[in-house]
Structure formats: structure tokens, C-alpha cells
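*Asks:* Input: one structure, supplied below.
The values are calculated or read from the model by the stated rules, or taken from the named source; none is laboratory data. All values derive from a computational prediction rather than experimental measurement. All Cβ positions, even for glycine, are placed from backbone atoms using ideal geometry, and neighbour counts span all protein chains on display.
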Amino acid sequence: MDDNDTTVLQEAYAAVAQIDVRYKKADFNRKAKLKTERDAAFSALSEVRIKLLEEEELCSPQQVQDMKAIRQAIEKAGDAQSLMVASARLVKFLARL
């Protein structure tokens, strides 16, 4: 069974991958809008993964649920604006870890 940190990390990877896939499928104008949030999500994931891999368990069960909700919001985002909002939520969440 995975610990909370591992689960949050897996959910974060899945969320960032989904942002990347949506970016790739976007037209030129949407890519321009999404690029900043996509890059910020990758940076936030890069920074937090070291802590999650090296430190003792940092994440609570509530944080696992929060991360899952953010990933679901990213997957369900119907347009570029809602994807940007969900991506910003991801960046803020990861920055707090």
C-alpha cells in the first residue's frame, strides 16, 4: 500500500501529464494561453518531488483527497480557461507542501 506522499506524487504526475496532453492538442491561441500554467505546473512538480521522495511522510489523508480533486478538475476542464484555473490550483497546492 502506498503512503500519502507517494499517492500525492502519483496524482500530481497524472495531473501534469494531463495538462501536457491538453496543451499538445490545443490550437495555437490556446497553447499561448496554457503555456504559462503548464510550465508553472512542471516547475512546481519538480520542486516538490524532491521533498516528497526524500523527507519523511509530509502529506495528510486530506491532502491526498485534495490532490485527487485537483487532478479530476484538470481532467474535466472543458475549456482553456477552466484548465488554467485548475492548473493554478495545482501549482498553489504543490507550493504549500
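*Asks:* Tell me, yes or no, whether region 9-16 has at least one residue that is of a type in the set (Gly, Ala, Ser), assigned to a helix (DSSP H, G or I), surrounded by fewer than 19 Cβ atoms within 10 Å (Cβ to Cβ) and at pLDDT below 95.
*Replies:* Restricting attention to region 9-16, the residues satisfying the condition of being of a type in the set (Gly, Ala, Ser) are 12, 14-15.
Then drop every residue that is not assigned to a helix (DSSP H, G or I), which leaves 12, 14-15.
Within this subset, residues satisfying the condition of being surrounded by fewer than 19 Cβ atoms within 10 Å (Cβ to Cβ) are 14.
Of the ones still in play, those that are also at pLDDT below 95 are none.
Looking for residues that are of a type in the set (Gly, Ala, Ser), assigned to a helix (DSSP H, G or I), surrounded by fewer than 19 Cβ atoms within 10 Å (Cβ to Cβ) and at pLDDT below 95, one finds none in region 9-16, hence no.
*Asks:* Are any of the residues in region 67-90 surrounded by fewer than 17 Cβ atoms within 10 Å (Cβ to Cβ), β-branched (Val, Ile, Thr) and either over 15 Å from the mean Cα position of the chain (by Cα) or in a helix (DSSP H, G or I) (or both)?
*Replies:* Scanning region 67-90 turns up at least one residue that is surrounded by fewer than 17 Cβ atoms within 10 Å (Cβ to Cβ), β-branched (Val, Ile, Thr) and either over 15 Å from the mean Cα position of the chain (by Cα) or in a helix (DSSP H, G or I) (or both).
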